[in-house]
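Quick notes on the structure that follows.
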Amino acid sequence: MARLSFYHWVKNFLDLQLDLQPKMIEQFYDHALQIPYWQNSQKELAETVQNDLITFAHNHPLGFELNDIRHANTWQTLELQQGQDFYQVLRDHGPGKMEESKRKYLALSPTQILQIHVLDNGGLDVCVYSNRVKVDGSRLKPLSPLTRLHYNSALELVPGQTQLLQTSHLTWARFQMDDGACHGLLFKGYTFQKADAFMGKVMSQYPELYYALKRLERHFIDLKSDPLYQELVALLEKANAMAASPHPEATRLAETALQKGQLALKNIFPNDKLLTLLVTNLEYRITDGRPQRPSLQGKPEEPCPSLRPLT
């Protein structure tokens, strides 16, 4: 399994036009050791990769010494249990003190932190780190981010830039956006095996990728500027208005809008107050309930919480 995992990771994560470098091997270990299976099989993982590299180097000379690689059987990793320690490791690992004001952090869960780096050009580098770190001499270093996204100043994914997004547990997407079309791969499990391909359609045609991206973006992109959110609100408002009328399309529109609203609340905008209000009222109307129409001029739930260092 170690050989298969390494093969899939090289094939799916790396640019195959680049020469293999020691840091690439260590990036593989970074990803693998965030998976429980390889945490429990660390020795097997390292020895298999090391032996395969020795065999490969006999026939294909490498541009570095094999001894330059620190293999995973010499690593020590651990999980940080305290959020403040987690934050401190990320802060110490990032850019210099002068950049501190341009980095913001938000705890997504007890085991994951969102890091947002505001670039000089107004763009964003967005990373999600797990709380598993490695010991590097007297320091602790975060493992490679589970997610790394690059945005331009318009808060759109940078065209042509490789993006990495963890869509769910043990599932990742590596993709690029070009003229609104999405190209890339979805891969799963501790062997990093290809599960799906993105073949140039708009991202909304790939629900697993699309929903995961929107779930993350709600933490740093204002919902008022999100076309999907605004389109959904408009659809639900129209369906609520038509549900009380004899319009022949009222029932079909209400059922379609309700399904989309429920999916959005579950997968993209959980606990959003305006969507919850619109969906709940539409449910009553479809089942012949007639509550008083709510004021739909309310504002959505605060979409962009103030991001500040954890305390």
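The values are calculated or read from the model by the stated rules, or taken from the named source; none is laboratory data. The shown structure was predicted, so the numbers you read here are calculated from the model rather than taken from an experiment. Cβ sites come from the backbone with ideal geometry, for glycine too, and all protein chains shown count toward neighbours.
Observations on the model:
- Of the residues making up region 175-223, those that are within 23 Å of L114 (Cβ to Cβ), among the small types (G, A, S) and out of contact with any Phe, Trp or Tyr (no Cβ under 7 Å at 6 or more places or on another chain) number 1.
- For region 40-84, a tally of residues being without any contact (Cβ under 8 Å) to a residue 40 or more places away in the chain and in contact with a strand residue (DSSP E or B) (Cβ under 9 Å, 6 or more places away or on another chain) returns 1.
- The conditions of being surrounded by fewer than 16 Cβ atoms within 10 Å (Cβ to Cβ) and either touching a residue at least 60 places away in the same chain (Cβ under 8 Å) or part of a helix (DSSP H, G or I) (or both) are met by S204.
- Candidates S41, S109: the one that is among the hydroxyl-bearing types (S, T, Y), at pLDDT 90 or above and closer than 30 Å to G122 by Cα is S109.
- Candidates are the residues of region 107-159 that are of a type in the set (G, A, S), in contact with a strand residue (DSSP E or B) (Cβ under 9 Å, 6 or more places away or on another chain) and in a strand (DSSP E or B); the one that is nearest to S225 (Cα to Cα) is A107.
- Taking (1) within 25 Å of the chain's Cα centre (by Cα); (2) at pLDDT below 90 in turn, M242 satisfies each apart from (1).
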